[in-house]
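Heads up, the thing below is written out as structure tokens.
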Amino acid sequence: MDEKVVVVGTGLGGLTTALRLARRGYQVEMVEKYHQPGGRLNQLKKDGFTFDLGPTFFSMTYEFDEFVKDTGLEAMPFAFRELDILYTVHFRDTGKRFRIYRDLDLLAQEFETVEPHFKEKMEKFLGSAGTFFHDTEYLVLKRNYDSIFDYLLTLLRVPLKHSPKLFRSVWTEMERHFESREVKEIFSLVAFFLGATPFDTPAIYTILSYTELVHDGYHNVQGGMYRIVEGLKKELDKAGVTMHFDTEIVGYKADNNKLMSLTDQHGKDWKADLFVVNADAAWFRHQIFQRKKFSEGRMDKLKWTLAPFTMYLGLNTKLPDTPLHNYFLGNNFKEYSGKIFKNAIKLDQPYYYVNVVSKSDPESAPEGCESVFVLCPVPDLRYKPDWSDRDEIAGNILRDLSERIGIDLEKHLISKTVMTPLEWRDAFNLYKGSGLGLGHDLDQIGGFRPKNFDEVYGNVFYAGASTVPGTGLPMAVISSKLVVERIIKAYGSLHT
């Protein structure tokens, strides 16, 4: 008889883990709190508009190629679309707008008036980041660790020339290479992609600049990012994997060092031989297993990523001069970055990201309309538990955006949905509303992250953002590969 696996959560890490295991002969069943699959990689349909709920673009598409090969799929079940203009950055005080091209010559033209010899400086910066990436991708990033000691031994194999990056921040690294405020602020935005700021993110993450500009670029998905989930679900259906929605795990039953079943909100026990948790690995240990090491007091002391404040706007007008991906910055970057985490600055002039969804996928909005997604990184619920000012904050963003693009958006709003950290927490069990799980400080990466195998129950494993290797869509796919490696090592493949 096949070994049965219950996967808790249908985020990208859970979906890819489930298919990898099904292809190896395991009987897989999935349970999901939300009403449809995808986790944060989800979709909202409302008033004739369609929005991606969370991620809107990504890099390292070759991790999906590896997944397709590993699972024996005949073809990718969704179509990538490479971006020539990665994103556009707008400055409030100067009114300047910079297009971030992947083509280095076009990019250099954007900055020729503010950063002399930009191309030479950028090539040197990217060369350093690229060398670090290739020296560590397989050595450190794409591997399991059985202990902190195992991780530290691995770090000793990293070439010594990279060690200064461990002790510098992303911002410090930018200051070593560039002079202009605009260049430093724009290319340190990669820290915000990790849910942090460039002043508290290690310089090793400048590898993201290398992946976006050189290694793989940025991509989105034809028809919207949710096509990834829809494509994977079709393959899982073919593989006989069943999914159960509106099913929240609230308890468990165990026998010594073996988990016997997980219990949902209706009292039903989900029994299996193995369990893979795609809920946040730290949250699950805290909330379900109630481990002392993951008590609320200890959880609150960990470094969590910023929380999302998101808006999904349907407009009855076009935005001809607003590109697909945009960042709107102010004139107090250092102050804002230093204070936003702990709610020490007013959100009257926030920094935010805008994705005009219908620029890429016209079917996401009715004829003559635009579908617009807005993300503003905000403090999590540890620092800002009260979101009764949600309408005021949303209004501040709308007014600021209206002024900067020259269109009164309030007059053209025909659909509006706002999600604060409270809604994100409740929809996807995000600890204190943190958007991307645990942060990536040096003491929270690699072997220091919550392990992808359970400390007590030998038949419980974890995949997703708050375990190895980290946050982001490609990291979730790598996470599934690593956890399946552990399972196969312990239990073997069931194919004859």
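The values are calculated or read from the model by the stated rules, or taken from the named source; none is laboratory data. These numbers come from a predicted model, not from an experiment. All Cβ positions, glycine included, derive from the backbone under ideal geometry; neighbour counts span all protein chains shown.
Put simply, of Ile100, Ile148, Ile85 the only residue that is in contact with a Ser or Thr (Cβ under 8 Å, 6 or more places away or on another chain) and aliphatic (A, V, I, L, M) is Ile100. Which one is modelled with the lowest pLDDT, of the residues in the range 158-180 that are surrounded by fewer than 16 Cβ atoms within 10 Å (Cβ to Cβ) and either among the basic types (Lys, Arg) or in a strand (DSSP E or B) (or both)? This residue is Lys161. Are any residues in the range 215-231 part of a helix (DSSP H, G or I) and at pLDDT 95 or above, and if so, which ones? The answer is Tyr226, Arg227, Ile228, Val229, Glu230, Gly231.
Based on this model, can you work out whether Gly433 counts as surrounded by 19 or more Cβ atoms within 10 Å (Cβ to Cβ), farther than 27 Å from Asn257 by Cα, in the same structural domain as Arg291 (by TED's automatic domain parsing) and touching a residue at least 60 places away in the same chain (Cβ under 8 Å)? So Gly433 does not fit the description; no. Scanning the range 239-286 for residues that are at positive phi and among the polar types (S, T, N, Q) yields one hit, Asn256.
Only residues that are among the aliphatic types (A, V, I, L, M) and either exposed (fewer than 12 other Cβ atoms within 10 Å of the Cβ) or in contact with an Asp or Glu (Cβ under 6 Å, 6 or more places away or on another chain) (or both) were counted in the range 250-271, giving 0. Against the conditions (1) modelled with pLDDT of 95 or more; (2) closer than 19 Å to Arg97 by Cβ, Pro377 satisfies every one except (2). Picking from residues in the range 96-127 that are free of Cβ contacts under 8 Å to residues at least 24 places away in the same chain and within 17 Å of Asn326 (Cβ to Cβ), the one that is surrounded by the most Cβ atoms within 10 Å (Cβ to Cβ) is Glu110. Which ones in the range 383-398 are buried (at least 18 other Cβ atoms within 10 Å of the Cβ) and in a loop (DSSP other than H, G, I, E, B)? The answer is Lys384, Trp387. Those residues that are out of contact with any strand residue (DSSP E or B) (no Cβ under 9 Å at 6 or more places or on another chain) and either within 30 Å of Lys359 (Cβ to Cβ) or surrounded by 17 or more Cβ atoms within 10 Å (Cβ to Cβ) (or both), I need them from the range 322-340; list them, please. Those that are out of contact with any strand residue (DSSP E or B) (no Cβ under 9 Å at 6 or more places or on another chain) and either within 30 Å of Lys359 (Cβ to Cβ) or surrounded by 17 or more Cβ atoms within 10 Å (Cβ to Cβ) (or both): Asn332, Phe333, Ser337. In the condition set (1) crowded, with 22+ Cβ neighbours inside 10 Å; (2) among the aromatic types (Phe, Trp, Tyr); (3) outside any strand (DSSP E or B), Tyr457 is compliant with all but (1).
Search the range 353-385 for residues being acidic (Asp, Glu) and within 17 Å of Thr317 (Cα to Cα), and hand back the single one that is farthest from the chain's Cα centre (by Cα). Step by step, filter the range 353-385, then rank; the result is Glu367.
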